[in-house]
Amino acid sequence: MKVTVKYIGFQPLQELRKTAMEIPEGFTLQDLMEKIKESRPPYEKKLLDRATLLVNREKGDLEGTLKEGDYVLILVPLGGG
Amino acid sequence: MPTGYAGKLLFVNLSTEEIQEEELSQELTEQFIGGYGIGAKILYDRMPKGADPLGPDSYIGFMTGMTNDTKTLFGGRYMLVHKSPVTGGWNDANSGGHFGPELKKAGYDGLFVYGKSEKPVYLYIHDGEAEIRSAEDLWGKTTKETLEILKEKTGEEKVRAAIIGTAGENQSYLACPINDGHRAPGRGGGGAVMGSKNLKAVAVRGTLKTEVADADLIRDTNMEITKSMKENKGMQRLGERGTGGGTPANSLSGDAPVKNWKGIGILDFGEDSAEKVGSENMDRYKTGKYHCNSCPLGCGATYEVEDGRWPVGDTERPEYETSGAFGPTLLCDEEDVIIYCNELCNLHGIDTISTGMTIAWAMECYENGVLSKEELDGIDLTWGKGEAIVEMVKKMIHSEGVGKVLANGSAYSAKYFGKGEEYLQTASGIELPMHDPRYAPGLARTYQFDPSPGRHVKGGIGGLHMSNKQEGDKYDYNDTGEKDVELTAHREVLNSAGLCLFGSGATPRRLQHQLIRGITGRDFNNDMGYETGLRIYIQRHAFNLREGITPKDMTITLRAIGEPPQTGGPLEGITVDHKKLGENFYTTLGWDMDTGTPPKEQMEKLGGLEKVIEDLCGTS
């Protein structure tokens, strides 16, 4: 099934702005984040671990199961300034 | 003369026109470092209790950071210290640019001004000499115009100055001096204090050199810092986009306040709006980078804006706090509004955070019929209405009509109108900045209890929470005291040393201490850092206690602590146990939560607090 993932953050991440992703049925938000993190450098993995996650504009639950057409927003803010 | 310092403090009495130099003692530098550390000690010892912040007994200090003019990377910051007309208590505010290092090169680690001049004046300090000069022809001019005139008057193209605009001349409580055109010790009303003394500007030019103990150690430390900086992608990004690069994500994550702290970014502001107010969008106007003194990163930028409704020409990139305060806080996504309001605030010397937040308060009052259009001088102050925002900022900077009231801040305005208190978003009367304790809960303690309330750049666990760098659950309020106190104490040292917070990613504590050893020649380690920081914190805190401000008077408004919690978005359901955070902090310190007084034994052991002990404990 397809979900849309968008990243907005202080620091750009390689090839992650807005993209449609194909994921298996039953994937949780945590599973999706692990998939996004795999093959990324350690620095980007750390940033993604600290991200605020929204699913369909609501607070994301890492244990929650994603559905077809879900919109996942990954936010990495800047602290201080 | 203490190594690493100019070795002198300057005192100017504007009532009598007396100018006095005093030696800066070794003891003072060892106990209080520099910046607001020494500033707090001087003000506590010399300013009378109960002084009117805008009266002649009031002092205002311009204190260099210890690292200024020592070739230390990121060592360019200076601090303003004074009593705040907003809180009636301690105030320190921090600024970059080049003013601090120039003051030190001019021969002084700090300048303290008291009294009141009968007519507008400016101070000119150059290579060990100081003059009081007429500023009658400067009064009413913008900070940028004034700087150009000062270059002519002094014959020095490289003169630096801290200058007030019309807001300070009108003694608006939100006023601040501006240095280098766009850098400001913004918070707490320092501009009003200068205006109350008829002090238009402090101009400095210096060619003296600060001697350091071990230039090789400083150079080697700088090399470590540079290497670390180049490997730190976050810092590299800061150098490219500045703090404004964070505005979009912050507006949606819950970190930035939205619609006077009532709104939910993702729902009320939206992604498109959030992306518009970030520097990635606004940097289409960028003409160059701006570096503060000794800064290898250069997170500032110059802009040239020739389009939009207010083509201001040469200006500077708005910082995150500014784009947050005029952006999501007001539901405004019009970048020409943000850029223009930034320029207006810089030209006329008024704190962007408090100005935006005061307008937010007025907007919510207007929305709810608490303030009428007539009371707002006919301005339709609707959420997000750019032209109304600009019109109101213009009224505030010139103290015109309702602007005269609003320019004293939201707490003053609520009292003046006798209504609207329920919409205030303040800590002890200081408008809250653009980091939400519901997102970074430790900030609730910092905002509420730091001696300068409502500041996001003071230390504590809130700093970790802002970047989600804490261990464990940030909403777990057990055992927060030790880390909270430790980080608070060490931040006092970083600030008093004049180091930039944004350099600290490459300048961890170990290197900060190494720099202090290189500059002063004396030993400095973690334990000494903790003790020195605690001493500085107590000195600032004692200023408030002596004014009768105790912990029960240190307040924070309810939305910031999630009472009631939000019903959607990333902060849904969050409340902050600010009471527990405060109790944990005080318990770790061993301080009484009712009186706020540190134990006499603690202060005696730290040393340097003799007058505090005498005043608060009865005997020294």
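The values are calculated or read from the model by the stated rules, or taken from the named source; none is laboratory data. Since the structure is predicted, the reported quantities are computational estimates derived from the model, not experimental observations. Virtual Cβ from ideal backbone geometry, glycine too; neighbours counted across all protein chains shown.
Worth pointing out:
- Test: residue in the range B:501-523 that is closer than 25 Å to B:A184 by Cβ, basic (K, R) and in contact with a Gly (Cβ under 9 Å, 6 or more places away or on another chain): no
- Subset tally (residues that are assigned to a strand (DSSP E or B) and facing chain B (nearest Cβ under 8 Å)) for the range A:60-81: 3
- Scanning the range B:451-485 for residues that are within 14 Å of another protein chain (Cβ to nearest Cβ), under 30 Å from B:E547 (Cα atoms) and in a loop (DSSP other than H, G, I, E, B) turns up B:R455, B:H456, B:V457, B:K458, B:G459, B:G460.
- Lone qualifier among B:G548, B:G568 - being at pLDDT 95 or above, farther than 18 Å from B:D450 by Cα and surrounded by fewer than 19 Cβ atoms within 10 Å (Cβ to Cβ): B:G568
- Apart from one condition, B:A6 fits all of (1) at pLDDT below 95; (2) closer than 19 Å to B:R160 by Cα; the exception is (1).
- Residue check for A:E44: within 11 Å of chain B (Cβ to nearest Cβ), more than 21 Å from B:K474 (Cα to Cα) and part of a helix (DSSP H, G or I): yes
- Residue within the range A:47-59 that is in a strand (DSSP E or B), β-branched (V, I, T) and within 10 Å of chain B (Cβ to nearest Cβ) present: yes
- All conditions in (1) more than 11 Å from chain A (Cβ to nearest Cβ); (2) among the polar types (S, T, N, Q); (3) farther than 30 Å from B:Y423 by Cβ hold for B:N232, with the sole exception of (1).
- For the range B:299-322, a residue qualifies if it is within 20 Å of B:S354 (Cβ to Cβ) and of a type outside the set (D, E, K, R), and the qualifying residues are B:P318, B:Y320, B:T322.
- Qualifying residue in the range B:125-144 (condition: part of a helix (DSSP H, G or I) and farther than 30 Å from B:M1 by Cα): yes
- Search result, residues across the range B:150-175 that are closer than 14 Å to B:P53 by Cα and not in a helix (DSSP H, G or I): B:Q171, B:S172, B:Y173, B:L174, B:A175
- Criterion applied to B:M223, B:M235 was being among the aliphatic types (A, V, I, L, M) and either in contact with a Phe, Trp or Tyr (Cβ under 6 Å, 6 or more places away or on another chain) or modelled with pLDDT under 95 (or both), and the one residue passing it is B:M235.
- For the range B:245-261, taking the residues that are surrounded by 24 or more Cβ atoms within 10 Å (Cβ to Cβ) and assigned to a loop (DSSP other than H, G, I, E, B), the one that is farthest from the other protein chains (Cβ to nearest Cβ) is identified as B:N260.
- Test: residue in the range B:562-585 that is in contact with a Phe, Trp or Tyr (Cβ under 7 Å, 6 or more places away or on another chain) and within 25 Å of B:G35 (Cα to Cα): yes
- Residue in the range B:262-278 that is surrounded by the most Cβ atoms within 10 Å (Cβ to Cβ), counting only those that are at the interface with another protein chain (Cβ under 10 Å from one of its Cβ atoms) and part of a helix (DSSP H, G or I): B:G265
- Matching residues in the range B:486-502 - criterion: being of a type outside the set (A, V, I, L, M) and more than 12 Å from chain A (Cβ to nearest Cβ): B:E486, B:T488, B:H490, B:E492, B:N495, B:S496, B:G498
- Considering (1) more than 25 Å from the chain's Cα centre (by Cα); (2) basic (K, R); (3) part of a strand (DSSP E or B), the lone condition that B:R284 does not fulfil carries the number (3).
- In the range A:24-41, residue nearest to the other protein chains (Cβ to nearest Cβ) [restricted to those that are assigned to a loop (DSSP other than H, G, I, E, B) and at negative phi]: A:P41
- Residue count, the range B:60-76 (criterion: more than 17 Å from B:Q514 (Cβ to Cβ) and more than 15 Å from the chain's Cα centre (by Cα)): 2
- Going through (1) without any contact (Cβ under 8 Å) to a residue 24 or more places away in the chain; (2) more than 28 Å from B:G244 (Cβ to Cβ) one by one, A:E58 falls short only on (2).
- A count restricted to the range B:287-333 and to residues that are surrounded by fewer than 23 Cβ atoms within 10 Å (Cβ to Cβ), free of Cβ contacts under 8 Å to residues at least 60 places away in the same chain and in a loop (DSSP other than H, G, I, E, B) stands at 7.
- Selection over the range B:522-580 of residues that are within 14 Å of chain A (Cβ to nearest Cβ), out of contact with any Asp or Glu (no Cβ under 9 Å at 6 or more places or on another chain) and over 25 Å from B:D479 (Cβ atoms) gives a count of 1.
- None of B:A201, B:A175, B:A213 is more than 14 Å from chain A (Cβ to nearest Cβ) and over 30 Å from B:W139 (Cα atoms) except B:A213.
Listed here are the residues, each with its yes/no results for (1) surrounded by 24 or more Cβ atoms within 10 Å (Cβ to Cβ); (2) among the small types (G, A, S); (3) assigned to a helix (DSSP H, G or I).
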residue: B:E387; (1), (2), (3): no, no, yes
residue: B:E391; (1), (2), (3): no, no, yes
residue: B:M396; (1), (2), (3): yes, no, yes
residue: B:S399; (1), (2), (3): no, yes, no
residue: B:V405; (1), (2), (3): no, no, yes
residue: B:N408; (1), (2), (3): yes, no, no
residue: B:Y412; (1), (2), (3): no, no, yes
residue: B:E422; (1), (2), (3): no, no, yes
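- Total residues in the range A:32-48 satisfying the condition of being acidic (D, E) and touching a residue at least 12 places away in the same chain (Cβ under 8 Å): the figure is 1.
So that you can scan it fast, the table gives a plain yes or no per residue for (1) assigned by TED's automatic domain parsing to the domain that holds B:L331; (2) touching a helix residue (DSSP H, G or I) at 6+ places or on another chain (Cβ under 8 Å); (3) aliphatic (A, V, I, L, M):
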position	(1), (2), (3)
B:N170	no, yes, no
B:E211	no, no, no
B:I225	no, yes, yes
B:N232	no, no, no
B:L238	no, yes, yes
B:S251	yes, yes, no
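- Hits in the range B:63-86 - residues which are surrounded by fewer than 24 Cβ atoms within 10 Å (Cβ to Cβ) and of a type in the set (G, A, S): none
- Matching residues, the range B:44-62, being out of contact with any strand residue (DSSP E or B) (no Cβ under 7 Å at 6 or more places or on another chain), surrounded by 14 or more Cβ atoms within 10 Å (Cβ to Cβ) and closer than 15 Å to B:G188 by Cα: B:L54
- Test: B:G481 is more than 23 Å from B:Q425 (Cβ to Cβ), modelled with pLDDT under 95 and either outside the structural domain of B:G409 (by TED's automatic domain parsing) or crowded, with 24+ Cβ neighbours inside 10 Å (or both): no
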